[in-house]
């Protein structure tokens, strides 16, 4: 997935929201007539989102945009499903964020680094002995291998430079080996889960042991390749923290940030908020690939997938980004030290390794010159219509996107649910709409 360029207009979002709020406050209250719905502070962005729904390009969409510590502006249109009785899409609707789980897992690892429980350049074999001696695939046409020249480190897992594969990227006999061993950390729908669970391990530690048994695609620290690194990081976090991975994330990130709509398993009582995930058939017809009522996310996963496992609301993901924007703190609660947050959102790639982006359907990013931090891309240059230097973010395979620029104090989240992620250019078009909203505001 391609995350959009930095919103040049985003710095004015809070001003627009404030202006709209002030305008509403100035209107006299009338008991004789019901109050009209307030106008959107971002009318062009609202119109864009309304147009997507009107053209049946998606059932619904929610955007969350913030500047500094002023209130977040939410822009929503449509419903969470095409069903006639589906709830309206809104700040608290639930969406499958897939790879937008990765930055959360990565920040959990950074917290442990801050706690002194592990080091950035420590071999993961210190926690998972099965990785002590790894081998590297000779070429993509064979699983024949040679010894790796160096160990996999925590840094390598955080930055996709461990030499690990991914069932959505890897090809040839190595992919078949991944499938045979059930190295498939993710879920699509209940029907596909039935087959996946026949081979998939039932715990993070068993998952880690199986990953250690297959060859790498490259020596650690020599190549950026999208991977299961953040899923494997969950197993490292368990060993380093002495807690279940999901419990550590809940205790150290979700609970302190009051992210009360973030789930590995959606409770039955919350299914009314859960969106349906769609796929596109010929003619751009929407097909419900994971209906909310029978969603795979209503049952516990084989294990918590640190790379693709969470269901979240736009409000919750905005709170996570807001914490990063403020370098580790939100509402007086500190999640990590400022220096830890800065390190996490800096370019952590090993010397000589570059990140050039990934294909849209995988949940990645593309754009100006970028590096890679803890679980997300990092923009390294200021460029016209770009994110701007210092922007950290990532996207998800079902169309979601999120980014934060702590230097400019701005952040954004887009929530939709459909495959493939880049079916529509919603990120670039959102940028244009926000710029137009900025210009409209300046003209007043």
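What the table below lists for this structure:
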read-out: Descending semi-axes in Å of region 64-182, equivalent ellipsoid built from Cα gyration tensor; value: 39, 24, 11
read-out: Of all DSSP beta bridges in the chain, antiparallel share, percent nearest 5; value: 90 percent
read-out: Extension gain, residue 206 back to residue 383 (0.36 nm per residue minus Cα-Cα distance, nm); value: 59.2 nm
read-out: Nearest-ten-degree value, helix 43-54 long axis tilted from longest Cα axis of the chain; value: 70 degrees
read-out: Full-stretch length increase - residue 354, residue 369 - with 0.36 nm per residue and alpha-carbon distance subtracted; value: 4.5 nm
read-out: Label-reachable residues, region 271-301, where backbone N falls under 19 Å from a point 7 Å from residue 55's Cα toward its Cβ; value: 278-287
read-out: Stokes-Einstein D in µm²/s, Kirkwood radius over Cα pairs - region 256-398 at 10 °C with 1.306 mPa s viscosity; value: 91 µm²/s
read-out: Contour minus Cα-Cα distance for residue 255 and residue 294 (0.36 nm per residue); value: 11.3 nm
read-out: Residue-averaged 222 nm ellipticity for the chain, from DSSP H runs of 4+ at -39500 (n - 2.57), nearest 500; value: -8500 deg cm²/dmol
read-out: Which label in (i) 20.6, 66; (ii) 22.2, 72; (iii) 21.6, 81 gives the computed Rg and Dmax of the Cα atoms in Å; value: (iii)
read-out: Ranking of 312, 243 by count of other Cβ atoms within 10 Å, fewest first; value: 243, 312
read-out: Debye equation applied to the C-alpha atoms of region 175-254, log10 I(q)/I(0) at 0.11, 0.12, 0.19, 0.21 Å⁻¹; value: -0.35, -0.41, -0.96, -1.09
read-out: Over region 93-152: Rg over Rh, Cα atoms, Kirkwood Rh; value: 1.13
read-out: Rg ratio (alpha-carbon, reference 2.2 N^0.38 Å) - region 119-217; value: 1.10
read-out: Anisotropy class of region 199-321 from Cα gyration tensor, a/c 1.5 cut; value: oblate
read-out: Tilt relative to the chain, helix 13-26 - C-alpha long axis, 0 to 90 degrees, to 10; value: 30 degrees
read-out: Relative contact order, percent, the chain [alpha-carbon distance under 8 Å, six or more residues apart]; value: 26 percent
read-out: Relative pair counts by distance (%), Cα atoms of region 289-352, 5 Å bins; value: 4, 13, 15, 15, 17, 13, 11, 8, 2, 0
read-out: Nitroxide proxy distance, nm - points 7 Å out along Cα→Cβ at residue 428 and residue 176; value: 3.9 nm
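Each reported figure results from applying straightforward, stated rules to the coordinates on display, with no laboratory input. Here the structure is a predicted model, which is why all the values come from computation and not from measurement. Using ideal geometry, Cβ is built from the backbone for each residue, glycine included, and neighbour counts are taken over all protein chains shown.
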